[in-house]
Amino acid sequence: MSGPTVTKDDILKASAGMLQQQLYVVFTTPTNGLGPVMENIEEHLNFQVDLEQRGIMLGAGPFWADDEHTWNGEGMVIIRADSLDHARQIADTDPMHSSGARSFTVRPWLLNEGRITVEVNFSTGRHAVS
């Protein structure tokens, strides 16, 4: 038994007044173990920093394994793009993906709720993000 269809417009209406920032989430997974991933890690991180500096990337990072101490090579990147196709084009250019070390899927994501706090103390130069 299936329920009613919920459209994007339904969600936008229900979340009126919230941020409603359209983003795209790239889920990235190793294709052939960690060897190829580690061979491409430096280029990948440079690519990520470039996306960040150009204002394309909102955030990114690895997924820990369930033991919370090891990494199996999976990660996630949240990007700003004009469309799902545009987001896929951006993800295609990641050295991890163009080399074949990882495969990826992209999902459209609407950022509605959350909080970020930025603290800057001018006299001490101390800063914090939480």
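Seen from a random direction on average, the alpha-carbon convex hull of region 8-129 projects onto 10.3 square nanometres. With a Förster radius of 35 Å, plug the Cβ-Cβ distance of ILE78 and THR31 into 1/(1 + (r/R0)^6) and report the FRET value to the nearest 0.05. The pair ILE78/THR31 has a calculated efficiency of 0.95. On the beta carbon distance between VAL118 and SER15, with R0 = 22 Å, the FRET formula returns roughly 0.35. Considering only GLU52, GLU39, GLU119, the Gaussian network model of the chain with Cα springs below 10 Å gives its largest mean-square fluctuation to GLU119. Summary value for region 8-129: 37 percent relative contact order, contacts being C-alpha pairs under 8 angstrom separated by 6+ residues.
Projected onto its three principal axes, the C-alpha set of region 32-88 covers 35, 23, 20 Å, listed from the longest axis down.
Working from label points 7 Å from Cα in the Cα-to-Cβ sense, the HIS69 to LYS8 distance is 4.5 nm. Of VAL106, GLY73, VAL49, which is farthest along the charge dipole of region 43-130 in the positive direction, counting Lys and Arg as +1 and Asp and Glu as -1 at C-beta? It is VAL49.
No value in this document is a laboratory result; all are computed from the given coordinates. What you are looking at is a predicted structure, and each value in this text was computed from that prediction instead of being measured. In this analysis, Cβ positions are derived from the backbone assuming ideal geometry, glycine residues included, and neighbour counts consider all displayed protein chains.
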